[in-house]
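S.K.: The following block contains the structure, expressed as structure tokens.
The values are calculated or read from the model by the stated rules, or taken from the named source; none is laboratory data. Owing to the predicted nature of the structure, the values given are computational and were not obtained by experimental measurement. FYI the Cβ positions are ideal-geometry reconstructions off the backbone, even for glycines, and counts take in every protein chain you see. When the accessible area is computed, the model is the full protein with side chains, heavy atoms only, and any ligands, DNA or RNA have been set aside. Shrake-Rupley method; radii C 1.70, N 1.55, O 1.52, S 1.80 Å.
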Amino acid sequence: MKKIILFLLILASINICFAQEAEDADAAPVAESTSTSSIKASKGGISEIPNSKRPKPIDKEKAAKAAEKDESEKDYENKSNTIKYGVPSEISSLIDELIKNEDPRFTEEIYDVFQVSKNTVIKQKVLNYFKQLEDPCLEDYAVETLNDPYEERNDLVKACFQYVSAVKTKEAIPAVLALIEAENDSYFNDAIATIGEIGGPSEAMFLVEYLEREDLSDAQRQTLMRTCGKMHAVQTWDKVVEVAEDEDENLYVRMYAAEALGLMEKKESVPVLVELFSENDPNLRQYVIKGLSHFPNVVEAQQTILQGIRDEHWRVRQEAIKTVRENKMTDATQFLIYRARNDSEKVIKDEAYNSLAAVNTKEGNEFMVNQLKEKKVGDATKKKIVEVLLKEGHTGQNEILELADECLKDDKRKDLRYAIGKELAKYENSAYDEICIKYLGSKDSTTQSLGLDIYKTNKFSSAVPVMRNIYADKKANSGVKNRIKKMLSIEDEDESKNEKTFSEADAK
């Protein structure tokens, strides 16, 4: 009998164990999704230096676009020679130009210059060049520098931070964390910003723990707040809410906390932010709008943003109008039209036009096109409307070309003529051929030069005879003629004629 009872007890115990294991297994996924205890904070240290590598293959599409910006066939050769044989100031200026034009054609030459140059300015510029290309070929140098930056120039170290951020160099994480914790806080802000770009959950936990330190300055707390949001570090949400709602906290820390709540994209942030919008300080309200901008599908957030367009303080209005543009809030059209017509601040009127063009509603487009036609509307306003309509490309092309034609006939409106020409030159459009020829046909050299800019972007064959006539005109502006000479390679033709003349003279 005792054996039977013992057997039953053992069997019951086994069943209980199995039931408990099953219960634990069912509960495990929920616990994992809601708990952050399994995530351990990263630690600072010495980073392992990545292997050296050559630049990535050149992006052929970007290279072709960059080549189109060359004014003559010799430009490529001249640039290549400058990189190989130029002095630091020449190379530095050229790299700035290449960055501006997003020109990837010289990666190999620039990489080779970097390897032999001792000039810190060149090294900084090259890091910026490959940063723009997001090419990891200099990871080894950047990580090695961040392991021990103290003997290097601050600008160069900053370039290394920005470079590893752009190319997402995970190997740099230990070195960057070590610089956050270092007694020398010269690199604190750059290091925090970099972790925001290359870090993950473990680095977010590092920030959570670091946020608790009592020796942080207000500026450091501000930077931490912004980074927590950028990293979507939801582990910090409760702490950030606490800071945002604390009226005794530093204002700027509260502002960045409000922005961070939005960046985390946690819907529970919306009622917190809506409540904060009733605060008296306009700077805080501005950053509340920044936070709410991350909730385009939440009604309460959108309603508060619309109210921001009519806020007493211009900074709040500006932020709300930008948010309307980013979120394509068509319901805001009438608010924007009112602000464009009536706001006392030019910066707000300009923002309203930017957003009207981007939102692209029938009402908004009709309003702007009518403003172009309206005689009472000033040319300064028309400049802005031309800029935004051409940028978005939804409407107004014919009206803009008609306005340009009007200004070409009226020298009192040169400023508007120039502004329209500069905008037209930014875009490739076959419909601009006639206005290009009209700009070239002007007797005003600045207008002619703008016509050349439009030609440079579009290469209209119909404009070439007009350009040759200008070049042949002895009275034409020398600067304009020199540009035509380069664009049409007339220089090469002249040289060949001269060589032929000299050959004939030698033969005689």
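S.K.: Could you list, ordered by first residue, the pairs with Cβ atoms under 6 Å in which the first is in region 113-132 and in contact (Cβ under 8 Å) with a residue 12 or more places away in the chain and under 13 Å from residue 91 (Cα atoms) and the second is of a type in the set (Phe, Trp, Tyr) and open to solvent by less than 40 Å² (accessible area, probe 1.4 Å), at least 6 apart or interchain?
M.R.: Filtered contacts from region 113-132: 126/114.
S.K.: Among the residues of region 268-305, write down those that are among the hydrophobic types (A, V, I, L, M, F, W, C), surrounded by 16 or more Cβ atoms within 10 Å (Cβ to Cβ) and under 18 Å from residue 331 (Cα atoms).
M.R.: The first filter runs over region 268-305 and keeps only residues among the hydrophobic types (A, V, I, L, M, F, W, C), leaving 270, 272-274, 276-277, 284, 288-289, 292, 295, 298-299, 301, 305.
Now narrow it down to the ones that are surrounded by 16 or more Cβ atoms within 10 Å (Cβ to Cβ): 270, 272-274, 276-277, 284, 288-289, 292, 295, 298, 301, 305.
Listed by number, the residues that qualify are 289, 292, 295, 298, 301, 305.
S.K.: Which condition from (1) open to solvent by 50 Å² or more (accessible area, probe 1.4 Å); (2) modelled with pLDDT under 95 is the one that residue 257 breaks?
M.R.: (1)
S.K.: Would you call residue 359 at pLDDT 95 or above, hydrophobic (A, V, I, L, M, F, W, C) and more than 27 Å from residue 389 (Cβ to Cβ)? Spell out the reasoning first.
M.R.: Values: at pLDDT 95 or above: yes; hydrophobic (A, V, I, L, M, F, W, C): yes; more than 27 Å from residue 389 (Cβ to Cβ): no.
So residue 359 fails the test.
S.K.: Please list, ordered by residue number, the helices (runs of 4 or more DSSP H) wholly in region 327-386 having 3 or more residues that are within 22 Å of the chain's Cα centre (by Cα) and free of Cβ contacts under 8 Å to residues at least 60 places away in the same chain.
M.R.: Counting at least 3 such residues, we get 346-359.
S.K.: Of all residues in region 306-317, count the ones that are of a type in the set (Lys, Arg), assigned to a helix (DSSP H, G or I) and open to solvent by 80 Å² or more (accessible area, probe 1.4 Å).
M.R.: Residues of region 306-317 of a type in the set (Lys, Arg): 310, 315, 317.
Restricting the remaining residues to those that are assigned to a helix (DSSP H, G or I) gives 315, 317.
Filter once more, keeping what is open to solvent by 80 Å² or more (accessible area, probe 1.4 Å): 315.
The qualifying residues number 1.
S.K.: Moving to a separate point now. Residue 433 is checked against (1) assigned to a helix (DSSP H, G or I); (2) closer than 25 Å to residue 354 by Cα and fails just one. What number does that condition carry?
M.R.: Residue 433 satisfies every listed condition except (2).
S.K.: Now, a different point. Which one of these is open to solvent by 10 Å² or more (accessible area, probe 1.4 Å), farther than 14 Å from residue 56 by Cα and in contact with a helix residue (DSSP H, G or I) (Cβ under 6 Å, 6 or more places away or on another chain): 100, 131, 118, 125? Before the answer, list the steps.
M.R.: Details: 100 fails: in contact with a helix residue (DSSP H, G or I) (Cβ under 6 Å, 6 or more places away or on another chain); 131 fails: farther than 14 Å from residue 56 by Cα; 118 fails: in contact with a helix residue (DSSP H, G or I) (Cβ under 6 Å, 6 or more places away or on another chain).
None of the other options fit; the residue is 125.
S.K.: Tell me whether region 214-225 contains one or more residues that are open to solvent by 50 Å² or more (accessible area, probe 1.4 Å), closer than 22 Å to residue 277 by Cα and touching a helix residue (DSSP H, G or I) at 6+ places or on another chain (Cβ under 8 Å).
M.R.: No: zero hits.
S.K.: What is the number of the single condition among (1) assigned to a loop (DSSP other than H, G, I, E, B); (2) within 26 Å of the chain's Cα centre (by Cα); (3) of a type in the set (A, V, I, L, M) that residue 216 does not meet?
M.R.: Every condition holds for residue 216 apart from (2).
S.K.: Now a separate question. Based on what the data block shows, is residue 47 modelled with pLDDT under 90 and in contact with a Leu (Cβ under 8 Å, 6 or more places away or on another chain)? If you could, list the steps in order and put the result at the bottom.
M.R.: Details: modelled with pLDDT under 90: no; in contact with a Leu (Cβ under 8 Å, 6 or more places away or on another chain): yes.
Spelling it out, it is not the case that residue 47 is modelled with pLDDT under 90 and in contact with a Leu (Cβ under 8 Å, 6 or more places away or on another chain).
S.K.: Something else about it: Which one is most open to solvent (accessible area, probe 1.4 Å), of the residues in region 138-179 that are assigned to a helix (DSSP H, G or I) and more than 23 Å from residue 54 (Cα to Cα)? Please lay out each step first, then the result.
M.R.: Keep residues of region 138-179 that are assigned to a helix (DSSP H, G or I), which gives 138-147, 154-167, 170-179.
Adding the requirement that they be more than 23 Å from residue 54 (Cα to Cα) leaves 154-155, 174-179.
Working: 154: 107, 155: 76, 174: 40, 175: 3, 176: 0, 177: 0, 178: 36, 179: 7 Å².
It comes out as 154.
S.K.: Within region 449-473, work out how many residues are of a type in the set (S, T, N, Q) and open to solvent by less than 40 Å² (accessible area, probe 1.4 Å). Reasoning before the result, please.
M.R.: Taking region 449-473 first, the residues of a type in the set (S, T, N, Q) are 449, 457-458, 461-462, 469.
Those left that are additionally open to solvent by less than 40 Å² (accessible area, probe 1.4 Å): 449, 458.
Counting residues in region 449-473 that are of a type in the set (S, T, N, Q) and open to solvent by less than 40 Å² (accessible area, probe 1.4 Å) gives 2.
S.K.: While we're here: Can you name the helices (runs of 4 or more DSSP H) wholly within region 49-137 that have at least 2 residues being β-branched (Val, Ile, Thr)? Full working, then the answer.
M.R.: Details: elements: 60-68, 75-85, 88-100, 107-116, 120-133.
Once the helices (runs of 4 or more DSSP H) in region 49-137 are filtered for at least 2 residues that are β-branched (Val, Ile, Thr), what remains is 75-85, 88-100, 107-116, 120-133.
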